[in-house]
Structures are given as structure tokens and as C-alpha cells.
Amino acid sequence: MTTRVQPSGVTAQRGGSPATAVQSAEPCFTLVWRWPCPPTMAGLVAVVGSSGPPAELDGEDSTSWADQVLAQDDRGSVVWARTAAQAERYGRATLERPGVRAVSLAPAAADPPRIGAALQVASYLARVRSGGLAPARPCLTSPDRPPATPDDLVRIPHLVTVRAADEAGTDAVVWELTTRREARRWLGMPLPDLEFVEAHLPDLLALRGAARTGQLPATAAVQRLAGLLHGRPLPLSIQLVYRHLDLFRVLLGGRGEQT
């Protein structure tokens, strides 16, 4: 993951001066896979921190539950494990295993670089939510929309910037699976209409790209959005969408008054 300063110009009202929402230290997640390709069957990939000598209990170490160790050094391991019928439930259970730092589901035949980016997002979310303190509670992500949400789980479609090699950044969705209680704690309020948000993800990605590049139209609703974005470290986050869903209903519905 890299960071960059990204000025986001927002077209102001006619006759006014341009409004710019400066995006400081925008995280950019790299579409890269540096390890042996995982099996093409459904599974998950996890980062497991080094825990020193193998635990004496049952003679097992912190990665004995995994089906394949993809990489390992003195800092820890990257492992792959096959998931059962309910990958979402297995992924959440994996978060409770000793030493696990981040987990991403790896759907069957998913592109490994996209899995790698989702794993980066999981690490980033855990670090941000812990305030940089260790140990951070790990997060579960997925490059694709998880089809099921058992056990009161909810899907959070994080809007992120990804890039491949030296290409320009593009906007994408990385999904997080968490409990409704944890989601409310993260958001600081009850969850809004999740189905509406999921149905409009392509529009939100387009809106996010326009905000990053200063291509938003001049409407009254956009001016409200410019005020929300000004000085924020992210061009447009799903947290901002959730907290101001009434505004985004107007923006996505194209009902913003032209100015």
C-alpha cells in the first residue's frame, strides 16, 4: 500500500471560485501478488504474525490449521486455507486464531492480485481502527461481494483506490464482513439502508472518481458534498456515504439543482 497527496477539485457555483478538497495521504492499494498462486478452489488467505517457537500444545504452531504456507519469514507467514460451504463463517472464525493479523476470502478462480489488494485493505482497516496500537483486532475482507451474511454479519463495501504497477489509480470496491454490532461501533450510528448503497455502487464509484479528478458537476448537492470532502484524507469513503445517505440519494438520483 502506498499513500499520496491528491488534490480533488470540485466545480464551484457559476461565478464563484473553484472549491478544492485536498486529499492528504490517500491510501492506494497495489494490485500485486508476490507469493505462489493459491489453489483455484474457494478458500481464504491470511497474514499470521510470528509467535516465536511452536507452541507446545499438541505440538502445533500458529499456521498448522492452514492447508498451504505461501510465504514465511521471521516476521510471520502468509497462508491459504480451504473454506467449507460457508466461507463467510469460516473466515470470521479464522480471525480468532492466534497470531492472525488480516484475512481475505479467496473466491474460486479469483484474480490473485485482487485478493492481495483485499488483504492489504484488511491490514489497513485493522491498523486505522486500533489507532496504531498493537495488537489490532484483525478484519475480514473479500475482493468479491460475499453472497451470504450468516450469524448477523453485514457486508461493508469499502470504496478504495487501487493501481497495477505504474498505472494510474482507479476506484474499486473491497468488501468487509463484520458483525452488525462492530459495524455500528465503527460508524458511530445505526446502519443506514445497506441495500440502497449496494444497488448504487457503480454510481458511487463514478462519483468518487469524479471527486478525485475534479470533474463533479455544478449542482447545489455537489456544493454540499464539496464541503464534506474539504480537508478529508480520503476522496470519498463508504463511511461518509453511510453518514450522509440523504445527500447521496439526491446525488445518485440526479435531482441536484443546477447552479
**Prompt:** Applying the selection to the range 145-192, what residues are in a loop (DSSP other than H, G, I, E, B) and hydrophobic (A, V, I, L, M, F, W, C)?
**Reply:** Ala148, Ala164, Ala165, Ala168, Met189, Leu191
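One line per residue, one yes/no per condition, for (1) loosely packed, with under 13 Cβ neighbours inside 10 Å; (2) at pLDDT below 70; (3) touching a strand residue (DSSP E or B) at 6+ places or on another chain (Cβ under 6 Å):
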| site | (1), (2), (3) |
| --- | --- |
| Trp35 | no, no, yes |
| Thr40 | yes, no, no |
| Gly43 | no, no, yes |
| Gly49 | no, no, yes |
| Pro53 | yes, yes, no |
| Gly59 | yes, yes, no |
**Asked** Hey, among Ala183, Ala164, which residue is among the aliphatic types (A, V, I, L, M), at pLDDT 95 or above and surrounded by 13 or more Cβ atoms within 10 Å (Cβ to Cβ)?
**Response** Ala183
**Request:** Any residue in the range 73-91 that's at positive phi: show its pairings with residues that are not in a loop (DSSP other than H, G, I, E, B) at Cβ separation under 8 Å, as long as the two are six or more apart or on different chains.
**Result:** Gly76/Val47; Gly76/Val48; Gly76/Gly49; Gly76/Arg101
**Fill in**
Residues in the range 197-227 that are among the hydrophobic types (A, V, I, L, M, F, W, C) and either under 29 Å from Arg137 (Cα atoms) or outside any helix (DSSP H, G or I) (or both) total 6
**Item:** Residue satisfying all of: in the range 61-104; in a strand (DSSP E or B) and small (Gly, Ala, Ser); nearest to Ser142 (Cα to Cα) among these
**Value:** Ser104
**Prompt:** So which of Val121, Val128, Val100 is touching a helix residue (DSSP H, G or I) at 6+ places or on another chain (Cβ under 8 Å) and among the hydrophobic types (A, V, I, L, M, F, W, C)?
**Reply:** Val100
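The values are calculated or read from the model by the stated rules, or taken from the named source; none is laboratory data. Small disclaimer: the values here were computed from a predicted structure and weren't measured. Reconstructed Cβ throughout: ideal geometry from the backbone, glycine too, with neighbour counts over all protein chains shown.
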